[in-house]
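So the structure is just underneath, and the comments pick up after that.
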Amino acid sequence: MLAERPRANEVARPRELSGGAGRSVNIGLLGMGVVGTGLLRALEAKGMRLEPRMGCYVRVKSVLVRDLDKQRELQVAVGLLTTRPEDVLGDPDVDIVVEVMGGEHPALEYILAAIEAGKHVVTADKEVVARHGRQILARAHQFGVQVRFEASVAGGIPIVAPLLRDLAANEVTSIRGIVNGTTNYILTRMAQQGLELGEALAEAQSLGYAEADPAKDVEGTDAACKLSILCALALGAWVKDTEIHREGITGLERRDLEYARELGYAIKLMAAAKNVDGVVYSGVYPALVPEESAIARVDGVLNAVEVETDLAGPLLFTGQGAGPSPTASALMADIIDVTAGTRLSTKAEKKVLYDEPAKVSKVTDLEAEYYLRLAVADKPQRLTDVRRRLRDHGVETSFAMFRELPQTESRVEVVVVTRRVKLDLVQEALSSMEKAGTVLEIGNVLRVEET
Ligand SMILES: NC(=O)c1ccc[n+]([C@@H]2O[C@H](COP(=O)([O-])OP(=O)(O)OC[C@H]3O[C@@H](n4cnc5c(N)ncnc54)[C@H](OP(=O)(O)O)[C@@H]3O)[C@@H](O)[C@H]2O)c1
């Protein structure tokens, strides 16, 4: 549904913040976990040095947490912490609410309350922006305040402001990238050290790169939230994270990364969307990425976002997608902009808020090459059999090889790369081959990314 364009007399006067030297801008912080603490540290370290750039001094007036008795890494002044949201949202002296609590609720309600109280909002919360971004932006427009969310997509990498401001004159045709550092670390360790997924995950957890419950990372939901935001900003498609085609990395085995390397590919968890004839196709999925492409070389916890534009050409943004300092960098950029009264492009704002959203579909509705790892009986003609059966179902192949499996004498593994085809045709072919006994087990089916 289109956001309702506010009538002129409903638009509140923007809250004026750039008030000259000596004036202070008051921040109400919602949350003091990894990101909130990182922001407080950065403000403490940089506050006075930023003053000349902003024309005023930034002061943290109150910090909302759940538990006042929790041991905190950073000591804050007595009386700063509160568990009562109204101490922040209802305080007329708070100019900017910085939401770094995370999650969908009550973050949404607090953000809307802040906007309705005439406060600007800066958030790092991808879930709330992915699911309610349009409503939040429309409400902010109506109340004449700014809502900024640079930190919600790729931590320290500037991507929201470039898309909305610096690339405002461009048509973006596709956007794709690696937007989850935890899974990129796991895949890098599997590829470089020959670890199995569980071993690489345990290592990521011991280093603090993965949560005790890593589901949002390894199942691709975190990446889907970020892709949802990128789809809206870059391609004008409002597709909720829950409606994005999503495959995680849990089905990957070390052998997939080894076979991919033999074929000249890395495996990365891609978040990708492209506009084809007015329809935006999107998905999060592990894919074989040509080794010579820039994105294949983005390793460890790093993130990267590649944008195809008509005027500026292809652009690659890369850097640290999470962590307290990189995220504080993005939050502070938003705070500085809001304080200075800098608005993002009105063209972009119009596109995001009022243009008819683009039609959306799943990336699997587009043809692609597929990598198939299949267990078959160890007998002569196994490669020819598999290729012929695939062809019978309309799936042509460009490459096939077989590998023996350790401690298994009666079966081998066949790896096939198809020519461009739709996924449902591949799936039909495989299930019929499984029924006929040509294939004993389907090991994996992965998309092959174009360069
Ligand atoms: N971690 C990163 O590197 C990173 C990077 C980019 C974006 N983000 C996003 O930033 C947000 C915060 O992440 P985080 O890693 O800092 O989370 P976190 O460490 O779990 O911290 C959450 C903070 O919010 C408070 N909180 C949560 N729910 C609350 C509620 N209902 N009422 C009051 N306080 C509440 C918690 O209070 P207590 O301390 O009392 O428990 C805690 O201080 C998330 O949206 C995340 O996706 C994180």
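Bear in mind that the values in this text are calculations on the coordinates, not laboratory data. Being a predicted model, the structure only gives us computed values, none of them experimental. Here the Cβ is made from the backbone with ideal geometry for all residues, glycine too, and neighbour counts use every protein chain on show.
Give, rounded to the nearest 20 debye, the magnitude of the charge dipole that the range 40-185 has about its Cα centre when Lys and Arg contribute +1 at Cβ and Asp and Glu contribute -1 at Cβ.
360 debye
Between Val352, Leu80, Ser152, whose Cα lies farthest towards the positive end of the dipole of the chain when Lys and Arg beta carbons carry +1 and Asp and Glu beta carbons carry -1, centred on the Cα centre?
Checked the options; the winner is Val352.
For the range 254-307, which GluC sites (Glu not before Pro) are both in a DSSP coil and crowded by at most 14 other Cβ atoms within 10 Å?
Counting only loop positions with at most 14 other Cβ atoms within 10 Å, the GluC sites (Glu not before Pro) in the range 254-307 are Glu291, Glu292.
With a 10 Å Cβ neighbour count serving as the proxy for reagent exposure, in which order, fewest first, do Ile136, Ile244 appear?
Going from sparsest to densest Cβ surroundings: Ile136, Ile244.
Where does the Debye-calculated log10 I(q)/I(0) of the range 221-310 sit at q = 0.24, 0.25 Å⁻¹, using only Cα point scatterers of equal weight, no solvent?
Once normalised to I(0) and log-transformed, intensities are -1.26, -1.30.
Using the 10 angstrom Cβ neighbour count as an exposure proxy, how do Lys61, Lys362 rank, fewest first?
Working: Lys61 18, Lys362 15.
Ordered by Cβ neighbours within 10 Å, fewest first: Lys362, Lys61.
To the nearest 20 debye, what is the magnitude of the charge dipole of the chain about its Cα centre, counting +1 on the Cβ of each Lys and Arg and -1 on the Cβ of each Asp and Glu?
My answer is approximately 800 debye.
Need one word for the range 55-107: rounded, prolate or oblate. Basis is the Cα gyration tensor (sqrt eigenvalues a ≥ b ≥ c); a/c below 1.5 gives rounded, then a/b vs b/c decides.
Oblate, since a/c reaches 1.5 and b/c is not below a/b.
So who's got an amide H within less than 5 Å of the one on Leu366, skipping anything under 5 residues away but keeping other chains? H placed 1.01 Å off N, in plane.
none
From the phi angles alone, apply the Karplus equation (6.51, -1.76, 1.60; θ = phi - 60°) to the range 277-282 and give each ³J(HN,Hα) in whole Hz, x where the residue is Gly or Pro.
Values per residue, Gly and Pro as x: 6, x, 10, 9, 9, 9 Hz.
What is the sum of charges around Ala436, taking Lys and Arg as +1, Asp and Glu as -1, for the other residues whose C-beta is under 11 Å from the C-beta of Ala436?
That sum, taken over residues with Cβ under 11 Å, equals -1.
Please work out whether the range 285-345 counts as rounded, prolate or oblate from its C-alpha gyration tensor, where a ≥ b ≥ c are the square roots of the eigenvalues and a/c under 1.5 means rounded, while otherwise a/b larger than b/c means prolate and anything else oblate?
Oblate.
Please list the non-local residues whose amide H lies under 5 Å from the amide H of Lys268, H modeled 1.01 Å from N, same-chain partners needing a gap of 5 or more.
Answer set, sorted by chain and number: Ala287, Val289.
Provide the per-residue ³J(HN,Hα) series for the range 134-146, in order, calculated from phi with Karplus coefficients 6.51, -1.76, 1.60 and θ = phi - 60°, each as a whole number of Hz, with x at glycine and proline positions.
5, 4, 5, 5, 5, 5, 5, 4, 5, 9, x, 10, 9
Counting DSSP beta bridges with both partners in the chain, what percentage is antiparallel, nearest 5?
65 percent
Put one equal scatterer on each alpha carbon of the range 243-380, apply the Debye formula with no solvent term, and list log10 I(q)/I(0) at q = 0.08, 0.13, 0.15 1/Å to two decimals.
The computed values of log10 I(q)/I(0) come out as -0.34, -0.83, -1.05.
Calculate, in whole percent, how much of the Cα-Cα pair population of the chain lies beyond 31 Å.
Value for the chain (Cα pairs over 31 Å): 46 percent.
Tell me the relative contact order for the chain as a rounded percent, counting alpha carbon contacts under 8 Å between residues six or more apart.
Relative contact order for the chain comes out at 16 percent.
Would you work out if the range 333-376 is rounded, prolate or oblate? Take a ≥ b ≥ c from the square roots of the eigenvalues of the alpha-carbon gyration tensor; rounded if a/c is under 1.5, else prolate when a/b is larger than b/c, oblate otherwise.
oblate
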